[in-house]
1. Kindly provide the set of residues from the stretch 352-371 that are in contact with a helix residue (DSSP H, G or I) (Cβ under 7 Å, 6 or more places away or on another chain), part of a helix (DSSP H, G or I) and at pLDDT below 85, ordered by number.
2. If you scan the stretch 24-52, which residues turn out to be among the β-branched types (V, I, T) and in contact (Cβ under 8 Å) with a residue 60 or more places away in the chain?
3. Go through the stretch 13-43 and report how many residues are more than 29 Å from Y164 (Cβ to Cβ) and part of a strand (DSSP E or B).
4. Residue under question is Q391, and the condition is that it be under 21 Å from E317 (Cβ atoms) and assigned to a loop (DSSP other than H, G, I, E, B); does it hold?
5. In the stretch 1-24, which residues are more than 14 Å from the ligand (Cβ to nearest atom) and open to solvent by 50 Å² or more (accessible area, probe 1.4 Å)?
6. Determine whether A179 is in contact with a Leu (Cβ under 8 Å, 6 or more places away or on another chain), of a type in the set (G, A, S) and assigned to a helix (DSSP H, G or I).
7. Check whether at least one residue in the stretch 61-70 is within 16 Å of the ligand (Cβ to nearest atom) and of a type in the set (D, E), and report yes or no.
Amino acid sequence: RAGELARDVGMEAYAVGGFIRDILLNTPNSDLDLVVEGDGIAFARTLAQSMGGRVRAHHKFRTAVVILENGQRIDVATARLEYYEYPAALPTVELSSIKMDLYRRDFTINALAVQLNPANFGKLVDFFGAQRDIKNRVVRVLHSLSFVEDPTRILRAIRFAKRYNFRIGGQTDRLIRNAMQLDMIPKLSGSRIFHELNLIFEEEHAVDCLRQMRDYRLLEAIHPLLTLTPAQENLLEEIEKVRDWYRLLYLDEKPRNWMIYLLAVFNGMPEEDILSVCTRLNLTKRQSSDILTLRTQTNETVYRFKMWRHRGGPVSELFFMLEMLPLEGLLFFMSRYNQEEVRKSLSMYLTQLKGMELDVSGRDLKGMGLEPGPLYGEILRKLRAAMLDGQATCRDDQLALARR
Ligand code: CTP
């Protein structure tokens, strides 16, 4: 459809980037990016009108996002020759705008396009040997200034290499080391680094990425106190196992992975060092304090859990102990203490206890003539404990207990 529309308005449209890369790699990817030789924003409007959707335009960048009624997003960018000033002095006049658009991208594997106009529909446009690189499983930059122009691409190179089990090409590897020597990383803003780290923490092979970052001395370049000791590495590996375990529970709530990974990276560090790294990463005050609180809470939970198990405490106590922790804390707790009994208890908590509702509410207590106040909370908590421990499992039993 996009190709026909482009033809009708006299433009050339291409599907580009990760979407095409992932088709060739047989990997699912639903992020469709389009580039048009022409006015991208006008094209996005035509597309939205024809397919039913709305447009959010960024005039400064001549890009737009089409948000279809089913929620799918299509990014539309404008390929324009005069837009790019390239220090890597290629005779720009010789390049079509799509070629220029692809040339300014990070890696060859991301610099593929497919023509959408009906006359050439489906034709793969590969100016820079992307197909060969995908076949040889190698991440390769398009030109030697790539990392100097945008040092976050070092993190991206690692992320793609680990995700697809590619290697980083020889020359690209040298360019990374060169950029490291030029001290490019310390100049990067905390937010940009944190954004990239966040993406890494969403990857299946996040720990491998961190290892590679350490090997390039990237961690210490981000902050001298960032290390990856064998103990931290072990903990990170546990996190990866726990993430897999949690995924298999098929629960709706998704953890904020960055919190869990940062907790592991911060393990054993004094509080002021943690805060210093958080400041470098430009975390908000709230995010930093959440991390510190979570750390304390998890430490306490490890201790309390051991006591509970030792005493053979009731289920309700387990519930009230775990209820204190947000999901990230629960998963970090399990990573710290990944033993059969913890897995069992957590799984029971997440899949059963957490969803159990009392059959009695504040309204019932009011109906009994009780004045609303702190007492309500206390009574409901007792009722919940009784329910969890199997002593008051139906409404009548709970009401009777409340009356007492
Ligand atoms: N890009 C780039 N340099 C960057 C970031 C992005 O050249 N620092 C380019 C890449 O060519 C990429 C495109 O912009 O294909 C879109 O970026 P993004 O959505 O981050 O990349 P994807 O390849 O879609 O990555 P992912 O699969 O992780 O979503």
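1. G362, D364, L365, listed by residue number.
2. Residues of the stretch 24-52 that are among the β-branched types (V, I, T), as a first pass: 27, 35-36, 41, 46.
Answer for the stretch 24-52, where residues must be among the β-branched types (V, I, T) and in contact (Cβ under 8 Å) with a residue 60 or more places away in the chain: T27, V35.
3. Residues that pass the stated criteria total 1.
4. Working: under 21 Å from E317 (Cβ atoms): yes; assigned to a loop (DSSP other than H, G, I, E, B): yes.
Answer is yes for this residue.
5. Taking the stretch 1-24 as the starting set, the residues that turn out to be more than 14 Å from the ligand (Cβ to nearest atom) are 1-13.
Result: R1, E4, R7, D8, V9, G10, E12.
6. Working: in contact with a Leu (Cβ under 8 Å, 6 or more places away or on another chain): no; of a type in the set (G, A, S): yes; assigned to a helix (DSSP H, G or I): yes.
Here the answer is no, as A179 does not meet what is asked.
7. No: zero hits.
Every residue, every condition in (1) open to solvent by less than 80 Å² (accessible area, probe 1.4 Å); (2) modelled with pLDDT of 90 or more, yes or no:
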| position | (1), (2) |
| --- | --- |
| N26 | no, yes |
| A48 | yes, yes |
| K60 | no, no |
| A88 | yes, no |
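The values are calculated or read from the model by the stated rules, or taken from the named source; none is laboratory data. The structure presented is a predicted model; accordingly, all values stated were derived computationally and were not measured. Reconstructed Cβ throughout: ideal geometry from the backbone, glycine too, with neighbour counts over all protein chains shown. Heavy atoms of the whole protein, side chains included, go into the accessibility calculation; ligands, DNA and RNA do not. Shrake-Rupley method; radii C 1.70, N 1.55, O 1.52, S 1.80 Å.
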